[in-house]
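The values are calculated or read from the model by the stated rules, or taken from the named source; none is laboratory data. Remember, predicted model here, so these are calculated numbers, not experimental data. Cβ sites come from the backbone with ideal geometry, for glycine too, and all protein chains shown count toward neighbours. Heavy atoms of the whole protein, side chains included, go into the accessibility calculation; ligands, DNA and RNA do not. Shrake-Rupley method; radii C 1.70, N 1.55, O 1.52, S 1.80 Å.
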Amino acid sequence: MRIVLVTGKGGVGKTTVAASTAIAAADSGLRTLVTSTDPAHSLSDALTVDLGTQPTDVVDRLHGQQIDTQEQLDNYWGSIRDQLMNVLDWGGVAGIEAEEFLVFPGMDELFALMEVNKHARSGEYDLIVVDCAPTAETLRLLSLPEVLSWYFEKVLPTERRIMKAARPILNRLTDLPLPEDEVFNAAQSVFESVEGVKELMSQPEITSARLVVNPEKMVIDEARRTYSYLGLFGYGVDGVVVNRVLPDLVADPYFERWRSIQKGHLDTVDDAFAEVPRLRLRLFDDEMVGVDRLRLMASELYADRDPVADFKAKSPFRVVERGEQVAMELDVPFFERSELDVYRIGTELYVTLGSYRRSFVLPDALQRREVTGAKLDHGTLTVVFGETGQK
């Protein structure tokens with residue numbers, strides 16, 4: 001089972017790359033689903049097939065789906081939302097204003113990921129290709145399982161115990177609507193789904209990201225940051241697709257300057273992403289929509305390569321024993337030391353990279369050790385833990 005997350009800056013051609021990859025995989029014999037977590041769906045337009053909330057036949061062995069985030073909100077969030085609505089209504093906030101309070105940023109995309117998790121565990125597919133939202137939304141989305149897992153593990157059980165003990169007393173003192181067990185059960189169901197997402201997404205041999213870029217400076221700069229941010233949250237990148245490269249047959253002098261600029265950017269991509277496969281896709285002279293054109297696109301993109309088996313990601317996170325010491329290594333290329341911060345609070349190690357932060361819950365073996373050093377060397381952050389009990 002594989003999950004390929006196709007992401008990149010808005011407008012680089014993620015959707016057509018995702019759709020053509022899915023078609024190539026289906027043609028190779030894999031039972032494939034291509035789905036979209038982007039609220040502004042364009043997958044149906046790319047395939048020229050009407051897609052709905054349920055998987056729809058596209059070609060042999062290929063289904064397509066555009067996830068209805070509102071439907072997922074109702075499925076996963078319904079009873080929790082109703083409880084919060086009652087509390088807000090009690091406090092004098094109702095109607096549309098209350099509804100706005102109860103849909104948090106990234107929630108709809110998260111529930112779309114839960115739908116991906118359900119399909120991945122159904123046994124019906126060998127491959128799921130996910131047409132992700134532009135990178136900023138995707139990074140927020142992919143960090144949510146980690147953040148919510150922390151909340152559910154640390155806070156929810158305590159809240160449930162306190163509420164169970166305090167409900168009889170509070171019912172006598174106030175008419176504030178208090179959450180019943182079914183609300184906590186719904187929250188537990190969301191937690192279990194989030195944990196399922198987290199488990200699948202944390203295995204590079206199952207889930208990998210494929211970056212799509214154009215040969216443009218701003219796009220490549222964002223892709224480099226995205227590569228590191230994905231590594232921070234444990235996602236490996238299995239390849240980089242450079243889309244809309246001027247083909248050699250374009251000989252008009254008007255494009256010579258563009259060809260020279262693109263040449264420099266292509267060299268930058270080859271240098272920056274040397275550890276992963278880099279694929280180039282020419283700028284076509286037609287709109288690449290519809291199954292036939294997307295199949296042509298896939299044939300040029302992958303040539304004689306398998307679109308799945310020949311692209312593997314490695315884990316950006318490792319724990320390495322060094323004699324009496326243990327080191328945590330995290331690949332975060334393209335960032336300077338000044339953009340990194342590492343600190344420990346209790347049993348958790350916090351790593352801040354640019355505008356993103358991740359909490360690592362330390363295993364028992366490391367909880368008994370003190371951090372004795374941290375350094376950034378050639379794109380790898382290394383945090384060293386000393387001998388047990390060492391200060």
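For the range 16-34, the set of residues classified as farther than 12 Å from VAL291 by Cβ and either crowded, with 24+ Cβ neighbours inside 10 Å or of a type in the set (A, V, I, L, M, F, W, C) (or both) consists of VAL17, ALA18, THR21, ALA25, LEU30, THR32, LEU33, listed by residue number.
Okay, residues lined up against (1) part of a strand (DSSP E or B); (2) among the acidic types (Asp, Glu); (3) under 24 Å from ALA18 (Cβ atoms):
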| residue | (1), (2), (3) |
| --- | --- |
| ASP306 | no, yes, yes |
| SER315 | no, no, yes |
| VAL326 | yes, no, no |
| LEU330 | yes, no, no |
| PRO333 | no, no, no |
| PHE385 | yes, no, no |
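In this structure, THR268 does not qualify as among the β-branched types (Val, Ile, Thr) and at pLDDT below 95.
Just give me the residues in the range 187-224 being open to solvent by 20 Å² or more (accessible area, probe 1.4 Å) and at pLDDT below 85, in sequence order. Those that are open to solvent by 20 Å² or more (accessible area, probe 1.4 Å) and at pLDDT below 85: GLN188, SER189, PHE191, GLU192, SER193, GLU195, LYS198, GLU199, SER202.
Note on the range 358-378: among residues that are charged (D, E, K, R) and touching a strand residue (DSSP E or B) at 6+ places or on another chain (Cβ under 6 Å), the one that is nearest to PHE233 (Cα to Cα) is ARG358.
Whenever a residue of the range 269-286 is assigned to a helix (DSSP H, G or I), its partners that are open to solvent by less than 80 Å² (accessible area, probe 1.4 Å) and not aliphatic (A, V, I, L, M), lying with C-beta atoms within less than 9 angstrom and at least six residues away or across chains, give the pairs VAL269/PRO215; ALA272/ARG224; ALA272/TYR227; ALA272/PRO333; ALA272/PHE334. A count restricted to the range 195-211 and to residues that are in contact (Cβ under 8 Å) with a residue 40 or more places away in the chain, under 14 Å from the mean Cα position of the chain (by Cα) and not in a helix (DSSP H, G or I) stands at 7. Scoring TYR254 on the criteria (1) free of Cβ contacts under 8 Å to residues at least 40 places away in the same chain; (2) part of a helix (DSSP H, G or I); (3) among the aromatic types (Phe, Trp, Tyr); (4) open to solvent by less than 70 Å² (accessible area, probe 1.4 Å) leaves a single failure, condition (4).
Test ARG61 against the criterion of being modelled with pLDDT of 65 or more and basic (Lys, Arg), and give yes or no. Judged against the criteria, ARG61 is a match. Identify, by number, the condition in (1) within 28 Å of ILE220 (Cα to Cα); (2) not in a strand (DSSP E or B) that ALA365 doesn't meet. Condition (1) is where ALA365 drops out.
When restricted to residues that are assigned to a loop (DSSP other than H, G, I, E, B) and of a type in the set (A, V, I, L, M, F, W, C), the range 335-346 contains 1.
Flag: ARG293 does not match the condition of being loosely packed, with under 15 Cβ neighbours inside 10 Å, basic (Lys, Arg) and over 27 Å from the mean Cα position of the chain (by Cα). Tallying residues that are without any contact (Cβ under 8 Å) to a residue 60 or more places away in the chain and open to solvent by 50 Å² or more (accessible area, probe 1.4 Å) within the range 321-345 yields 10.
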